[in-house]
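All remarks here apply to the structure that follows.
The values are calculated or read from the model by the stated rules, or taken from the named source; none is laboratory data. Values in this document were obtained by computation on a predicted structure and should not be read as measured data. Neighbour counts run over all protein chains shown; Cβ positions are idealised from the backbone, glycine included.
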Amino acid sequence: MVDRSKAGIAGVAVLALLVLWAAHRHAVHSLPDLPDGTVAVEGVVTYVRPIAGGGWLVQLKAHGGTRTLLLSPRLGELAHLVRKGDVWRAVGTVRSWRDKSYLEPVSRAHLRRLAPFHQQEIYSESSLATLGRLPEGARVRVRARPASVRIYRSRAGKSHLVFELRDDTGSCSAIMWEGTYTPADEALLGKGVEVTLFAEVDEYRGKPSLVVRGVE
Amino acid sequence: MTLVAFLFGCVAGLVTGLVPGIHVNLSTALLAGWAPALLGFGLSPFTLAVFIVSAAMVHTLTEVMPTLFLGVPGDDSYALLPGHRLVRRGEGGHALRLSVTGCFRGLILGLVIILAILALEAGGFRLLEPMTEWLSRWMAWLLLAAIAVLVATDERPAWGLFVLVSSGVFGLVVFATPLVPGGSQAPMNALFPALTGLFGASGLLLALAQRDQEQAPQELDFDRRPLPWTPAFLGGLGGMVVGLLPGLGGGNVATLFALGRRGEGAERDSESYLMTTGAINASDALFGIAALVLIDRARSGASVALESFWAQPDRLSLVWLLASALAAAMVTREVLWRWSPALLSGLNRLELPSLNRATLVFLSLMVLFGTGPGGFLVFICGTCLGLVAPVVGCRRAQAMGLFLIPTILFFSGYTARVVTFLGLESVNLPASPSSAGYLALSGLAAFLAGWAVYAWTARG
């Protein structure tokens with residue numbers, strides 16, 4: 001049987017931890033939108049790259065040039081939702097590390113998606129069978145089921161996500177370039193359920209294929 | 001000016017080392033807070049770095065004195081600590097010699113390794129960065145294996161696991177919490193109240209709670225028997241691991257080494273443990289500083305303080321800093337060899353419970369003034385958590401879960417998932433430099449309050 005004094009001190013410690021957790025949560029959620037010493041940046045995501053420890057580097061093309069966001073894993077899972085072409089607003093502090101400067105968002109509430117990538121450009125609805133009739137570079141939105149999802153490592157050392165797509169009308173190959181997909185995309189495609197893909201028409205080995213920009 | 005900084009560093013390290021419950025990170029954090037003002041007066045970053053390195057080294061060698069001679073509780077869980085076993089028999093001098101010799105040998109080994117690495121790097125062989133990169137791929141598994149062994153071999157594994165996990169959750173909360181103003185980059189960030197509570201205040205409270213106990217008269221004439229090199233050699237290597245890699249603490253590695261030496265008898269076990277721990281601490285302090293130059297990472301309180309005012313220390317500066325660490329260690333060794341009876345009699349003349357109360361008041365006020373009410377809450381929580389291990393009888397080193405759990409999550413890539421699940425998303429606020437005048441006044445007020453408490457409560 002657990003000694004009362006031992007259980008008592010453990011209980012007090014857990015209680016103190018709970019109070020600290022509640023105070024931390026309250027402090028996180030009561031931060032101002034633009035705390036002192038922080039800057040706000042708005043722009044289109046041009047590159048998304050995972051870094052050690054589950055963090056992300058996100059390049060934003062803003063009015064004054066490009067700015068790299070450093071998304072620490074301590075911000076939570078929101079970072080996985082960032083997709084190339086999205087418009088995001090970030091409020092954070094500028095830090096330099098190894099001669100490069102990064103913007104670290106203050107908290108996950110200070111990183112907001114203003115518009116998803118597919119609202120920035122016009123994607124016409126299409127089926128896989130009609131892709132061959134469209135010019136290269138045409139932007140399409142298709143509903144299809146992914147299969148054989150795998151990472152392809154190029155000679156240049158890049159990791160691209162390649163897969164097959166099928167719908168009731170036909171099939172085609174598809175690719176997501178490194179820097180344009182996230183683990184969330186990989187997981188969604190890996191489920192094999194029907195998804196909406198935003199892509200550009202391309203040609204691979206004489207057949208129409210898709211360069212996918214985003215998945216929903 | 002550098003020599004003056006060295007001497008001040010030695011004195012600061014001696015004071016923080018001899019006063020129970022005070023960590024060297026307190027003086028280095030204070031100095032980092034004053035750094036902008038001191039640099040404004042024309043002091044170079046190198047001069048400030050010499051202060052920090054010499055203070056850290058002297059503290060490492062002297063902190064064993066209050067641990068051995070002022071913190072000998074009557075509780076059975078403490079009786080297992082090897083140094084206390086010797087002190088209870090009146091062999092405090094031997095315990096001190098073992099620890100200081102271990103420290104010194106660990107320091108020498110660390111110096112040799114760092115100089116060899118620098119020489120190899122100068123010759124074009126890059127060793128450390130590829131090695132740490134390779135290790136980082138396996139880090140989560142290595143640390144998981146280490147904590148599995150540490151918990152499984154604990155006398156109370158269930159409680160050990162409880163302390164480890166709760167300290168880990170505590171670590172997830174305190175790293176980059178907005179409760180402490182100034183952000184995670186501030187010299188006095190949330191780690192200061194967390195560590196002060198977890199390891200400092202809790203130990204002082206326990207010492208205050210125990211009944212008065214007669215201490216055996218201590219034999220302080222150091223014998224000249226040759227001491228083995230193996231524990232110091234292992235400790236030096238262990239210190240390198242602790243200093244360069246994140247997560248593990250000196251206590252964890254010392255316990256792992258002690259497990260490997262089980263069955264050699266309590267006497268040899270105690271001696272080896274003391275030498276190994278000393279060597280780990282010294283080598284860890286040295287590698288923690290060197291990591292800033294060698295792998296561009298801050299791995300100790302001293303290197304965090306250095307990083308806050310010295311953007312990119314070069315390799316030549318590192319060699320000079322290592323030389324100042326060696327000089328500080330040599331001075332301290334001589335001081336301890338020659339004056340430890342006087343130091344001990346001075347310590348024994350102090351009223352221990354009053355000294356503990358005074359230190360507790362000093363630390364509490366430093367936390368309150370330096371980190372605000374939010375930091376004080378972190379301090380209280382850390383103190384409560386720090387009390388659990390000694391009360392339930394598991395290893396105190398399990399509280400290093402504070403660093404271990406967040407490090408394992410980071411290297412396994414699960415941080416984002418876990419912080420979202422627990423609602424512990426952190427905050428990156430800009431560092432707000434504390435005013436040097438405010439820090440000086442805070443330190444003075446806390447010291448005066450502690451002194452007043454001592455004077456009020458001491459007998460006579």
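The number of residues in the stretch A:2-31 being in contact with a Ser or Thr (Cβ under 9 Å, 6 or more places away or on another chain) and surrounded by fewer than 13 Cβ atoms within 10 Å (Cβ to Cβ) comes to 1. Of everything in the stretch A:14-52 that is out of contact with any Leu (no Cβ under 8 Å at 6 or more places or on another chain) and acidic (Asp, Glu), the residue that is nearest to the other protein chains (Cβ to nearest Cβ) is A:36. For the stretch A:185-194, the criterion of being part of a strand (DSSP E or B) and modelled with pLDDT of 90 or more is satisfied by no residue at all. Scanning the stretch A:168-184 for residues that are of a type in the set (S, T, N, Q) and either exposed (fewer than 15 other Cβ atoms within 10 Å of the Cβ) or not in a loop (DSSP other than H, G, I, E, B) (or both) yields A:169, A:171, A:173. Taking the stated definitions as given, is residue A:76 within 13 Å of the chain's Cα centre (by Cα), at the interface with chain B (Cβ under 10 Å from one of its Cβ atoms) and crowded, with 18+ Cβ neighbours inside 10 Å? Answer is yes for this residue. Just one of the listed residues (A:197, A:165, A:188) is in contact (Cβ under 8 Å) with a residue 24 or more places away in the chain and either surrounded by fewer than 21 Cβ atoms within 10 Å (Cβ to Cβ) or among the small types (Gly, Ala, Ser) (or both), and it is A:188.
Per the conditions (1) in contact (Cβ under 8 Å) with a residue 12 or more places away in the chain; (2) buried (at least 18 other Cβ atoms within 10 Å of the Cβ), the sole criterion not satisfied by residue B:416 is (1).
Checking the stated criteria, residue B:156 turns out not to satisfy the condition of being of a type in the set (Lys, Arg) and at pLDDT below 85. For residue A:3, the requirement of being within 13 Å of chain B (Cβ to nearest Cβ) and over 24 Å from residue A:103 (Cβ atoms) is met.
Among the residues examined, residue B:381 does not qualify as touching a residue at least 40 places away in the same chain (Cβ under 8 Å), in contact with a Phe, Trp or Tyr (Cβ under 6 Å, 6 or more places away or on another chain) and within 14 Å of chain A (Cβ to nearest Cβ). If the condition is being surrounded by fewer than 19 Cβ atoms within 10 Å (Cβ to Cβ), in a helix (DSSP H, G or I) and not aliphatic (A, V, I, L, M), then the stretch B:16-45 contributes B:36, B:40, B:45.
Considering each residue of the stretch B:331-339 in turn, none proves to be within 30 Å of residue B:150 (Cα to Cα), among the charged types (D, E, K, R) and in contact (Cβ under 8 Å) with a residue 24 or more places away in the chain. Within the option set A:155, A:150, being outside any strand (DSSP E or B) and either surrounded by 18 or more Cβ atoms within 10 Å (Cβ to Cβ) or free of Cβ contacts under 8 Å to residues at least 60 places away in the same chain (or both) holds for one residue only, A:155. Among residues that are within 18 Å of residue A:203 (Cα to Cα) and in contact with a Cys (Cβ under 9 Å, 6 or more places away or on another chain), residue A:128 is included.
Within the stretch A:111-128, can one find any residue that is assigned to a loop (DSSP other than H, G, I, E, B), at pLDDT 85 or above and not polar (S, T, N, Q)? No, the conditions are met nowhere in the stretch A:111-128.
Exactly one residue out of B:388, B:293, B:392 is farther than 25 Å from residue B:62 by Cα, of a type outside the set (Ser, Thr, Tyr) and at pLDDT below 85: that is B:293. Could you say whether any residue in the stretch B:397-411 is surrounded by fewer than 22 Cβ atoms within 10 Å (Cβ to Cβ) and over 20 Å from the mean Cα position of the chain (by Cα)? No - not one qualifying residue is present in the stretch B:397-411. If you check B:288, B:386 for being surrounded by 21 or more Cβ atoms within 10 Å (Cβ to Cβ) and either farther than 26 Å from residue B:33 by Cβ or within 14 Å of chain A (Cβ to nearest Cβ) (or both), only one passes: B:386.
With respect to the conditions (1) more than 7 Å from chain B (Cβ to nearest Cβ); (2) under 25 Å from the mean Cα position of the chain (by Cα); (3) farther than 19 Å from residue B:420 by Cα, residue A:11 lacks only one, and its number is (2). Return the pair list, or none, for Cβ contacts closer than 6 Å from residues in the stretch A:81-97 that are more than 14 Å from every other protein chain (Cβ to nearest Cβ) to residues that are surrounded by 15 or more Cβ atoms within 10 Å (Cβ to Cβ) and assigned to a loop (DSSP other than H, G, I, E, B), at least 6 apart or on different chains. So the pair list comes out as A:84/A:180; A:86/A:116.
Among the residues of the stretch B:361-378, those identified as more than 10 Å from every other protein chain (Cβ to nearest Cβ), among the β-branched types (Val, Ile, Thr) and under 25 Å from residue B:401 (Cβ atoms) are B:367, B:371. For the stretch A:35-56, a residue qualifies if it is out of contact with any His (no Cβ under 9 Å at 6 or more places or on another chain) and of a type in the set (Phe, Trp, Tyr), and exactly one does: A:47. Within the stretch B:162-173, the residues that satisfy the criterion of being over 16 Å from residue B:251 (Cα atoms) and either free of Cβ contacts under 8 Å to residues at least 60 places away in the same chain or facing chain A (nearest Cβ under 10 Å) (or both) are B:162, B:166, B:169, B:170, B:172, B:173.
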